[in-house]
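Taking it in order: structure first as structure tokens, then the write-up.
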Amino acid sequence: MERKVEVFDDDVTEAEIAVHLREEGYYHAPPKFIAQANLTDPDIFKRFSLENFPECFKEYADLLTWSKYWEKTLDTSNAPFWRWFVGGKLNACYNCVDRHLEKHRNKAAIHFVPEIESEPIIHMTYQELFMRVNELAAFLRNFCGLKTGDRVTLHMPMVAELPITMLACARIGVIHSQVFSGFSGRAVVDRMIDSGSDILITMDGYYRNGVLQNHKGQADVACEHAHEHDFNIEKVLIWQRHPGTYSSKRPLVEGRDFIINDMLKHYHHTTIDPVQMSAEAPLFLMYTSGTTGKPKGCQHSTGGYLAYAAGTARIVQDIHPEDVYWCMADIGWITGHTYIVYGPLALGASTVIYEGVPTYPDAGRPWRIAEELGVNIFHTSPTAIRALRRSGPDEPKKHNYHFKHMTTVGEPIEPEVWKWYYEVVGKGEAVIVDTWWQTETGGVLCSTVPGLHPMKPGTAGPGMPGIHVVIYDEDGNEIPRGANRAGNICIRNPWPGIFQTIWGDSERFVKSYYAHYNKKEKSTDWRDWPYFASDGAVQTEDGYYRILGRIDDVINVAGHRLGSKEIESAALTVDEVAEAAVVPVADEIKGRIPDLYVALKPGFQPSHELEQRISAAVVSEISPIARPRRVWIVPDMPKTRSGKIMRRVLAAISSGSDTGDVSTLANPEIVAELRKMANP
Ligand code: PRX
């Protein structure tokens, strides 16, 4: 598939780019799937039409148990700060755990699969999850003094203790902010400072590629870095990866570090009542990248978010309580929050948590897990699918598992990769949903509904029920269906899963997501506030949306969302660096990876050692996932006459494509020099 994506502003807009993509044929769901699907009634789209908005979303909210039913479905009086299910009260933990005990007490809520294959799988029942969550909630409340509305930061790997911790927070109304475990301690602190959270919950170690990581070391880095910012991390709470044994070589700091497994002995069999929260009380923060260097804390609500998570998990993932559902994503990102933890558990399903790397120790691992646990719903990213396809194209055939349903999320999937997923992984028996959404949106926005729409490789699908999608050009004109012209994908109406605000920065919230096409700043009519997603897209004649990629400075590396400004700021922490610019380059497995260009301050000379030091700074400031493909130390950056770095030109140099007309640059001669450097 030819993908034409302009990720940087400069002088070309998405709407001006003609998109020529080959149309793919349809695939139809097997009758066996349709016969059991949660949703096969096409009237859903009538029920969720704009005439029935916002009341239609009652259908999702009614999947939850409310301690007090809401009075008003949607309050728009402070647009675009939407308030859903106003007056309602509920507890997210109660909805994901307690209410299932009566029917499903003895059923597996979580299957935890350790990366080391000889370690036994842990099958945790709803009853056991209930006990563990209660004990931890009591500890957090009584020992740590955490109370409703406080923020607590989690830096946890993919272990059962992560959902336990999230649910314990939710039980007492504490707002959790989980930071992806692959992020560095320094990145953790930036997020702690921003959210005003002085308690860090982590784990001593976890396995990755067969190696026990010294994860506690990152907590120490965080504490040191916090001091540099005059910020104090008051407590570091540490889960043991192997209960009863401390797996890190890092000493515990007296009075600051506490082993949770030891502390919980004092809370054995303690249960505490779930705190009934207002529907609009924040449930969690999820930091994500945007255009500026500062990550944004997306604030998600309790009632609206959980209703949307449960509703979409039911409709799109087709989860039934008897299913064994495996989302091989990371709970450190929104996909894991919504579709590993909150969605499946709200529906009373069994959710699989796999600790490690999909291809460890070999590319047959996921299929062995699927066979062992009888997984029938599978969910992962195009990056994982590409990696498994490359390293073990025939592995799925060797294993006796049967999926009814598979999901892809987070990046565009190439039709060839989609077809391998369908034919080889799904054995031609499973439907696929290609789900487009974002950290901000809480749940899926565009996808086929598997019991209703045929699938089309490489294309997400139409808007979900109640999600009314529109593509605008730069001037705010609607691009007609099937026009084969790319534009900015927007959602006309609010929906319950939409995030409430950016923590501590409501101005940026309005500016980044709503100001673009709003013509009446004071309007309280939701029709005046389309949600601006920052993705380019085209709508084909059948009404399906094909997502082209970010139109802002976000680079999607292996499905991880990174801000170019964040990487550039990390490079600028190296003394010698005067200017830095990051551009994405295509990568066969990861989709995109960053290339980093830097110019040095006067008097400094390029060297291999310096390149390595700059690369190491990016890793330590952010994460190994942000490591540049290359650091190019350049004599000068291509610039406009007004001094703006032309990232588009750098991107063309990195990918060996045409730079277009550069004669209007302030320094056009640099382009040939850089091209020679990059392609000697
Ligand atoms: O560019 C889109 C891409 O991932 C971005 C959102 O990233 P994040 O907030 O980390 O959430 C990822 C998981 C929901 C989007 O702006 N993206 C997400 N899903 C798709 C996609 N691109 C193409 N196809 C998708 N299905």
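Any residue at all in the stretch 597-605 that is within 15 Å of the ligand (Cβ to nearest atom) and closer than 26 Å to Val619 by Cα? No, because not a single residue in the stretch 597-605 is within 15 Å of the ligand (Cβ to nearest atom) and closer than 26 Å to Val619 by Cα.
Here is a yes/no grid of residues against (1) within 14 Å of the ligand (Cβ to nearest atom); (2) of a type in the set (Gly, Ala, Ser):
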| residue | (1), (2) |
| --- | --- |
| Gly303 | no, yes |
| Leu306 | no, no |
| His320 | no, no |
| Val324 | no, no |
| Met328 | yes, no |
| Ile340 | yes, no |
| Ser350 | no, yes |
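Restricting Pro457, Pro496 to residues that are in a loop (DSSP other than H, G, I, E, B) and either within 16 Å of the ligand (Cβ to nearest atom) or open to solvent by 20 Å² or more (accessible area, probe 1.4 Å) (or both) narrows the list to Pro457.
For the stretch 548-576, filtering for residues that are part of a helix (DSSP H, G or I) and of a type in the set (Lys, Arg) leaves 1. Inside the stretch 134-146, residues that are within 14 Å of His176 (Cα to Cα), open to solvent by less than 30 Å² (accessible area, probe 1.4 Å) and in a helix (DSSP H, G or I) make up a count of 3. Filtering Val188, Val174, Val159 for residues that are within 21 Å of Asp220 (Cβ to Cβ), free of Cβ contacts under 8 Å to residues at least 40 places away in the same chain and open to solvent by less than 10 Å² (accessible area, probe 1.4 Å) leaves a single hit, Val188. How many residues does the stretch 213-263 contain that are assigned to a strand (DSSP E or B) and either within 25 Å of Gly356 (Cα to Cα) or in contact with a Ser or Thr (Cβ under 8 Å, 6 or more places away or on another chain) (or both)? Result for the stretch 213-263: 9.
Tallying residues that are open to solvent by 20 Å² or more (accessible area, probe 1.4 Å) and either within 18 Å of Ile175 (Cα to Cα) or outside any loop (DSSP other than H, G, I, E, B) (or both) within the stretch 76-97 yields 4.
Condition check ((1) assigned to a loop (DSSP other than H, G, I, E, B); (2) within 20 Å of Trp495 (Cα to Cα); (3) without any contact (Cβ under 8 Å) to a residue 40 or more places away in the chain) across all residues:
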{"position": "Glu280", "(1), (2), (3)": "yes, yes, no"}
{"position": "Met286", "(1), (2), (3)": "no, yes, no"}
{"position": "Arg314", "(1), (2), (3)": "no, yes, no"}
{"position": "Ile319", "(1), (2), (3)": "yes, no, no"}
{"position": "Trp326", "(1), (2), (3)": "no, no, no"}
{"position": "Tyr342", "(1), (2), (3)": "no, yes, no"}
{"position": "Val352", "(1), (2), (3)": "no, no, no"}
{"position": "Val375", "(1), (2), (3)": "yes, no, no"}
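Looking at this structure, is Gly244 on the phi > 0 side of the Ramachandran plot and out of contact with any helix residue (DSSP H, G or I) (no Cβ under 9 Å at 6 or more places or on another chain)? No: the conditions fail for Gly244. Entry remark, the stretch 528-543: residues being open to solvent by 10 Å² or more (accessible area, probe 1.4 Å), among the hydroxyl-bearing types (Ser, Thr, Tyr) and more than 8 Å from the ligand (Cβ to nearest atom) number 1 in total.
When Ser289 is tested against (1) modelled with pLDDT under 95; (2) surrounded by 24 or more Cβ atoms within 10 Å (Cβ to Cβ); (3) closer than 23 Å to Val431 by Cα, exactly one condition is not met: (3). Candidates are the residues of the stretch 412-435 that are open to solvent by 20 Å² or more (accessible area, probe 1.4 Å) and within 26 Å of the chain's Cα centre (by Cα); the one that is nearest to Ile502 (Cα to Cα) is Pro412. On inspection, Thr435 does not qualify as hydroxyl-bearing (Ser, Thr, Tyr), touching a strand residue (DSSP E or B) at 6+ places or on another chain (Cβ under 7 Å) and over 26 Å from Leu562 (Cα atoms). Of the residues in the stretch 320-334, none is buried (at least 24 other Cβ atoms within 10 Å of the Cβ) and farther than 24 Å from Ala460 by Cβ. Of the residues that make up the stretch 388-406, is at least one within 17 Å of Val316 (Cβ to Cβ) and of a type in the set (Ser, Thr, Tyr)? No, that holds for no residue. The residues listed here are Val189, Val179, Val152; of these, the one that is farther than 18 Å from His337 by Cα and of a type in the set (Val, Ile, Thr) is Val189.
Table: residues versus (1) within 13 Å of the ligand (Cβ to nearest atom); (2) in contact (Cβ under 8 Å) with a residue 24 or more places away in the chain; (3) on the phi > 0 side of the Ramachandran plot.
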site	(1), (2), (3)
His399	no, yes, no
Thr407	yes, yes, no
Pro450	no, yes, no
Gly466	no, yes, yes
Ile479	no, yes, no
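Within the stretch 499-517, being open to solvent by 10 Å² or more (accessible area, probe 1.4 Å) and either farther than 25 Å from Asn477 by Cβ or touching a helix residue (DSSP H, G or I) at 6+ places or on another chain (Cβ under 6 Å) (or both) holds for Gln500, Thr501, Trp503, Gly504, Asp505, Ser506, Glu507, Arg508. Taking the criterion of being surrounded by 13 or more Cβ atoms within 10 Å (Cβ to Cβ) and over 28 Å from the mean Cα position of the chain (by Cα), the residues of the stretch 263-280 that qualify are Met263, Leu264, Tyr267, Thr270, Thr271, Ile272.
The values are calculated or read from the model by the stated rules, or taken from the named source; none is laboratory data. What you are looking at is a predicted structure, and each value in this text was computed from that prediction instead of being measured. Positions of Cβ are backbone-derived with ideal geometry, glycine not excepted, and every protein chain shown enters the neighbour counts. Please note that ligands, DNA and RNA were not included when accessible areas were found on the heavy atoms of the full protein model with its side chains. Shrake-Rupley method; radii C 1.70, N 1.55, O 1.52, S 1.80 Å.
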